[in-house]
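Down below is the structure, laid out as structure tokens.
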Amino acid sequence: MVPPEGLGRLLEHLTGTEEEHNRLSYAQKLIEERRRLESIIRNNLADANHDRIAKIVNQLCHDYAYAVHQPHARNGGLIGLAAAAIALGAEVARYLKEIVPPVLACFTDQDARVRYYACESMYNIAKVAKGEILVYFNDVFDALCKLAADTELSVKNGAELLDRLVKDIVSESAATYASILITDTAGFSSEEISPDRDAEQSTAFSLPRFIPLLQERIYVINPFTRTFLVSWITLLDSIPDLELVAYLPSFLAGLLKFLSDPNQDVHTTTKAALDRFLIEIEKISAVKKGIAESRKSREGQGRKASDATDAAIANTTEVEAFAAVEPAAEIGESSTNSATQASEDPQDSDAVSPGGDGGSTITASDTGKDDDFEDEWIPGQDVQIDYRRILGILVKYLSESSEEEVQITALKWIETFLDICPDDILFFTPGLLAHLLPALSHDVDHVKQAANRVNQALMAYIMSLPEDPTKPPVNPEVVQPAPQAPPLQTLPTGSTPIIPTIKRLAQVNGDNRRDSAPLMKPQGRESREPSSPESSEPPRTAQVQTPEPPAEESSAAESKAHMDLDYEGAVNALTLQFLHEHEATRVAALAWLIMLHRKSPRKILAIQDATFPALLKTLSDPAEAVVTRDLLLLSQISKSSDDSYFTSFMVNLLKLFTTDRRLLESRGNLIIRQLCLSLQPEKIYRTMADCLERDSDEDLEFASIMVQNLNNNLITAPELQDLRKRLRNLDSKDGQTFFTVLFKAWCVNAVATFSLCLLAQAYEQAYNLLQIFAELEMTVTMLIQIDKLVQLLESPVFTYLRMQLLEPERFPHLYKCLYGLLMLLPQSSAFAALKNRLNSVSAIGYLHIVPRGAPSTPSAVSTFERQNRFRGKDGAGEGGIRWTELLDKFRITQEKVRRSQLRQLTGQHDGVDDPQLDHVKRLAIVPPSGHQTNVAMRSGSAQSIGRPGSNAHAPLAPTPSAHGKGKSSLNLGRVAGGFGARKGKAK
């Protein structure tokens, strides 16, 4: 309250426009008039003349306070209203409806002095009215919010004084004060956002009415107004009974915006307020979890106590049946007889046994203890927090805001919510992933670390979810049928079993029926006693026709049945991250997809059609870590899918290699090896070979390059070690089929076909291929490939082949193959290396090699001759390899290669026929006559192929030489300068 002696000084400042000689007299006049006004109002109040007081107040309001264009009159009206409030004292409450509105209207006056005196007048009114001023809290708060940004320093200081007073009043009275005049709370009924609406309606201050105003003002930009709002939010949150945290979603978005304010004071106070809210949410969650766990443990103890009580009653009944002659058991016997009479005489329902009453008393006391525990109130246990709305705001600002502090705060809150309410985060997971993964590549380390923590926690939680949450948990114990009463009727003594049986039925149908009254209580232990699976008394199951789990377990099952991750939305959000510029984000997206597929492969397979093209395109990613994870995911999907998906994957992969030759050169080997690590190598090679053979006519050059890459990996990749061992053994039908499939596809590349025969130890077939090589034009590409093959022959992969050089009698055609390679090579480093190898064993070869015309003996017959000797002609034997057909296939394919190269050189169109190819096709269709058609090609028969004295393939003599163009990984443009220089590099 402003003291009377200080009013003169205020009026001096107020009347600064008056003449200097009139100031003192004017101030004294105002003081006198103010005192006179107070005296008049006090006298009328003492006489209970409220009509007179109302007229005075009305005149002050309308004649002075509302005089818009007369600032001095408004100042006088404000001073008069303050004086009237002081004079009224406790009775001011009934006149606040007339006094407060004109004062509030003066807060927006253009004159700064009017605004200042409005603050002074409201200060005096609030100090007198105290809690009653809370009825107008929203209006006062709105005015103070505007004055906080006032440009006049005196007005701002006056507003700060009024703000402190109102804060004190709110701190003391907001939670409990009820207006003495406003008893009708109908005006509050429309507010539905209150967590405890009934309690809020009975007080003068109402959070539900205040929150809309706060929502409107929270988006201001002025830093002084922001500081004012944060201070009020902090104050209201410090009042325990108000529970402002329940309304946090209404203004959280504005607080997050405050974090990006350049004013350091706003940033600091806002961060402190948000930290306070987060700690409060954690405490509330801990309280609720503790109460739930305590209730669950008490219910478990209650069920055990109930079972123990029932067992004790049963034992007591059985003992009492045989203890009638014991003198010390009179009380027990009378109790038993009373129970028996009650059960045998159902008409005498009023006669209740002491034993039955005792059992009922125990149950009532237990229930009373539970009720006493439930009546204990713990701060925070009734606060309802809308976690989903909060999470929606956090995810939104995580995506929209580029401020580091906003992102760190949002990630910190989300990490905390993963411990508090992980189920609610499932709903936002797709949107969260879309903004969380880019944060993993943020330039600021704090943001990156916070995003990494959230990412790991979210992934761990989703991995812990059940695979199919829509299925409710099945309790096998509650499905068992009830009646198992006969064992209870068999007693160890010789007494009549009818009496205990009747007593037993009396307890089940009588005492338990009396105990069924507490079943109506929602939190009583007895409500779960009949359905307890631990109850071993069969007669009790007659009461429960449909047993069910405890209430908490069933509610948890129902809640989980409605919560599941949106796999389609998550996969779509992750797929979009493949286009992100940073490698860490793309790697994290693939890691998520791998995890989701491992967790629920069926759900991922249901949406794979939209994801597959993006995964295939990601193979062209420049980061090797991205390609590796992409291949792992594709392999996982292929494993869990049918063969059609795998075939489609291989076909599309080959198409990708066709269109992106750079990818084939840079990542082809990596892709093939990674796929062989995750999938079956034989299946991969079979499928690719089939696709290459079927589509090789479309692009022979690509087929040759692809075969060369596949062949190089087949020879050198450690991942294909088992596949190489399988190729060396052609005894089984599967091995022969696999070799045949590869041979037909490998025919587009002559050197690759030859190396395949060396791997499979088909040396005779390899030697036949070398004879066809002589008919081809040896291009630079072929010579480079042969050079590489010679180098590979010195590698550990072909150790077995070098050891077989020590047994020329078993492998005679091996020498011919190697010497044939030597004859094809020009004088180079590869020629010298192979020559040195052969010279080291040449003496053994000369001593043991079999003459050409010698009869076949087991020691002189090659391994494959022994394997195929007894098979039918032309490979007609079941499961045999048709060697001649494979050679014909090789000739036809090489002729296609020659024509393709010629067409590229001459520009010849596909419609022009080549008689040479038709001639080769006729040779393949018409089989040669005589014993030379034997698939098991006896020793010496292969030498007749292409020899001048042989009739088998005499028509091939005039065939012009052709050359096969097989493009290696080396650039042919660099080879054009000279093959000799290139040989030095190949070494």
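Can you pull the percent of the range 678-732's accessible area that's carbon plus sulfur, 1.4 Å probe, other chains left in place?
That fraction is 39 percent.
Can you pull the percent of Cα pairs in the range 585-687 with separation above 15 Å? Walk me through the intermediate numbers first.
On the way: 3143 of 5253 pairs.
Roughly 60 percent, rounded to a whole number.
Got a sec? Charge dipole of the range 705-827, +1 on Cβ for Lys and Arg, -1 for Asp and Glu; which of Leu769, Tyr815, Leu742 is way out at the positive end?
Checking the options against the dipole of the range 705-827, the answer is Leu742.
Kindly report the accessible area of the range 754-800 per residue (heavy atoms of protein chains, probe 1.4 Å, no ligands, DNA or RNA), in Å².
On a per-residue basis, the range 754-800 sits at 24 Å².
I'd like the FRET efficiency for Thr658 and Leu822, computed as 1/(1 + (r/R0)^6) with the beta carbon distance as r and R0 of 45 Å, rounded to 0.05. Provide the component values of the computation, followed by the final result.
Details: r = 36 Å, r/R0 = 0.80.
So the FRET efficiency works out to roughly 0.80.
Mind checking Rg over Rh on the range 215-306, alpha carbons, Kirkwood formula for Rh? Write down the numbers at each step before the final one.
Values: Rg = 18.8 Å, Rh = 15.2 Å.
Looking at the range 215-306, the ratio lands at 1.24.
Report, in debye and to the nearest 20, how large the dipole of the range 20-109 comes out about its Cα centre when Lys and Arg carry +1 and Asp and Glu carry -1 on their Cβ.
The calculated dipole for the range 20-109 is roughly 80 debye.
If the chain between Asp419 and Asn452 were fully stretched, how many nm would it gain, using 0.36 nm times the residue separation less the Cα-Cα distance?
10.3 nm
What's the local net charge at Leu235, with K and R +1, D and E -1, over the other residues with C-beta under 11 Å away?
Numbers: positive: Arg164, Lys167; negative: Asp163, Asp168, Asp237.
So the surrounding residues net to -1.
Please list Glu243, Glu33 in order of solvent-accessible area, largest first, computed with a 1.4 Å probe with all protein chains present.
The ranking, largest first, comes out as Glu33, Glu243.
Which net charge results when you count Lys and Arg as +1 and Asp and Glu as -1 among the other residues whose beta-carbon is under 13 Å from that of Asp734?
Summing Lys and Arg as +1 and Asp and Glu as -1 gives +2.
Could I have the simple spin-label model distance between Arg598 and Leu579, label points 7 Å from Cα toward Cβ, reported in nm to one decimal?
Here the answer is 2.9 nm between the modelled labels.
Taking 0.36 nm per intervening residue step and subtracting the Cα-Cα distance, what contour gain separates Gln384 from Gln28 on full extension?
122.3 nm
Rounded to the nearest 0.05, what FRET efficiency is calculated for Arg802 and Asp690 with R0 set to 35 Å and r the Cβ-Cβ distance?
Working: r = 33 Å, r/R0 = 0.94.
The formula returns an efficiency of 0.60 here.
What is the local net charge at Asn222, summed over the other residues whose Cβ is closer than 14 Å to its Cβ (Lys, Arg +1; Asp, Glu -1)?
Details: positive: Lys146, Lys156, Arg217, Arg226, Lys257; negative: Asp150, Asp261, Asp265.
Result for the local shell: +2.
Taking 45 Å as R0, compute the FRET efficiency from the Cβ-Cβ separation of Gln721 and Val444 and round it to 0.05.
0.45
At 7 Å along Cα-to-Cβ for each site, give me the label-to-label distance between Asp51 and Val651 in nm.
Distance between label points: 10.2 nm.
What translational D, rounded to a whole number of µm²/s, comes out for the range 405-463 from Stokes-Einstein when the hydrodynamic radius is the Kirkwood one over Cα pairs, at 10 °C and 1.306 mPa s?
Diffusion coefficient, whole number: 140 µm²/s.
Rounded if a/c is under 1.5, else prolate if a/b is larger than b/c, else oblate: which is the range 615-663, with a ≥ b ≥ c the root eigenvalues of its Cα gyration tensor?
oblate
At Arg36 and Ser297, where each label point lies 7 Å from the Cα along Cα→Cβ, what is the point-to-point distance in nanometres?
7.7 nm
Checking the table Lys271/Lys396; Lys146/Lys412; Lys130/Lys271 against a 26 Å threshold on Cα-Cα, which pairs fail? Before the final figure, lay out each step's value.
Numbers: Lys271/Lys396 18 Å; Lys146/Lys412 33 Å; Lys130/Lys271 32 Å.
The pairs that break the limit, which is 26 Å between Cα atoms, are Lys146/Lys412; Lys130/Lys271.
Of the peptides 638-644, 713-719, how do they stack up when ordered by the mean number of other Cβ atoms within 10 Å, highest first? Display every interim value, and only then the final one.
On the way: 638-644: 13.3, 713-719: 17.6.
Going by the mean number of other Cβ atoms within 10 Å, highest first, we get 713-719, 638-644.
Quick one: if you take sqrt(5λ) for each eigenvalue of the C-alpha gyration tensor of the range 47-126, what semi-axes come out, biggest first, whole angstrom? Please list the in-between numbers first.
On the way: eigenvalues 91, 33, 16 Å².
Rounded to whole Å, the semi-axes are 21, 13, 9.
The values are calculated or read from the model by the stated rules, or taken from the named source; none is laboratory data. Since the model is a prediction, treat every value here as computed from it, not as a measurement. Here Cβ is always computed from backbone atoms with ideal geometry, including for glycine, and neighbour counts include all displayed protein chains. The area values use the complete protein model at the heavy-atom level, side chains included, leaving out ligands, DNA and RNA. Shrake-Rupley method; radii C 1.70, N 1.55, O 1.52, S 1.80 Å.
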